[in-house]
Amino acid sequence: MTETTPSAAPAFDLDALDFAKQGGLLPAVVQDARTRRVLMLGYMDRAAVEATLASGKVTFFSRSKNRLWTKGETSGDVLEFVAISTDCDADALLVQAIPHGPTCHLKRASCFPDAPGSVLAELEATVEQRERERPAGSYTTTLFEGGVRKIAQKVGEEGVETALALVAQDDKAVLDEAADLAFHLLVGLRARGLGLADVEGVLAKRHQAKARVSG
């Protein structure tokens, strides 16, 4: 896992799930834990949930094979388990995972090709890949090789340009500058071993604190 991978959820209460309602199987929507993109739909019985929690690899009950089936057991394109939750009726599951390779058997990232995701999170994943691999000729590589101070300088420059655009330019210019700022900020966070999940964690704590005060 990378530093920006969301942390696993607390212990999951299997006994709270209503397996009896649908013949022992619950539909399980799998979502990319980083981009929030829907990846696939599968079915889980109690044993599949237990296997997922124990192995760290998302496991389903295959209705065609009539047995437990771990995603990627033959292709190697596993889904690394992050968290699981249930709906309000406890008869459907939401599984968050990190895909290692394409999820769809057609070698697409998602079984739902038009499913929306977070563009920022996808960009962050690309930045992480550039930081690891350092491909020659990549602008992102030159940023990382310049070090944190150089990256910070670029973040500052883009911040000033964004501020000036807010005051004196049209909406397109503002959005263009804001996009440049977001990219360089992602690079800077990565250079410090941080990411969007860490920023979201701070915002979540602030929101919770504000809710407690107002409540």
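The values are calculated or read from the model by the stated rules, or taken from the named source; none is laboratory data. Quick caveat: nothing in here was measured; it's all calculated off a predicted structure. We place every Cβ from the backbone using ideal geometry, glycine too, and count neighbours over all the protein chains shown. Just the protein is used for accessible areas: all its heavy atoms, side chains included, with ligands, DNA and RNA removed. Shrake-Rupley method; radii C 1.70, N 1.55, O 1.52, S 1.80 Å.
Given a Förster distance of 41 Å, report the FRET efficiency between Ala83 and Ala168 from their Cβ-Cβ distance, rounded to the nearest 0.05.
So the FRET efficiency works out to roughly 0.35.
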### Most fluctuating residue given options Ala204, Ala152, Ala121, as computed from a GNM of the chain linking Cα atoms under 10 Å
Ala204
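Going highest first, how would you order 75-86, 190-201 by mean Cβ packing within 10 Å?
Going from most to least packed, we get 75-86, 190-201.
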### Potential extension, Gln129-Lys21 segment - 0.36 nm per residue separation minus Cα distance
34.5 nm
### Task
At 7 Å along the Cα-to-beta-carbon direction for both Leu120 and Arg67, put a label point, then send me their distance in nm to one decimal.
4.5
### Task
Output the Cα-based Rg and Dmax of segment 87-190 in Å, rounding Rg to one decimal and Dmax to a whole number.
18.2, 53
### Task
Using only Cα atoms, find the angle between the long axis of helix 196-214 and the longest principal axis of the chain, and express it within 0 to 90 degrees, rounded to the nearest 10.
80
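Using just the helices of the chain, give the 222 nm mean residue ellipticity in deg cm²/dmol: DSSP H runs with n ≥ 4 each add -39,500 (n - 2.57), and the total is spread over all residues, rounded to 500. Show your work: numbers first, answer last.
On the way: 5 runs with 95 residues, N = 215.
Calculated at 222 nm, the ellipticity per residue is -15000 deg cm²/dmol.
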### Summary
Of every hundred units of 1.4 Å-probe accessible area on segment 141-215, the number belonging to carbon and sulfur atoms, as a percent, is 60
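Of the accessible area of segment 10-101, with the probe set at 1.4 angstrom, what percent is carbon plus sulfur?
52
Please give the FRET efficiency for Lys107 paired with Gln153, using the beta carbon to beta carbon distance and R0 = 45 Å, rounded to the nearest 0.05. Walk me through the numbers on the way to the answer.
Working: r = 41 Å, r/R0 = 0.91.
Efficiency for this residue pair is about 0.65.
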### Query
So what's the chain giving for Cα Rg divided by 2.2 N^0.38 Å, two decimals?
1.23
### Task
Report the charge-dipole magnitude of segment 118-215 in Debye, nearest 20, computed about the Cα centre from +1 at each Lys and Arg Cβ and -1 at each Asp and Glu Cβ.
620
### Query
Can you give me the pair-distance distribution of segment 39-153, C-alpha pairs, 10 Å bins, whole percents?
12, 34, 27, 17, 9, 1
### Task
Rank Gln153, Gln96, Gln169 by mean-square fluctuation in a GNM of the chain with C-alpha springs under 10 angstrom and give only the top-ranked residue.
Gln169
### Message
At 1.4 Å probe radius, can you tell me the per residue accessible area of the chain in Å²?
### Response
58
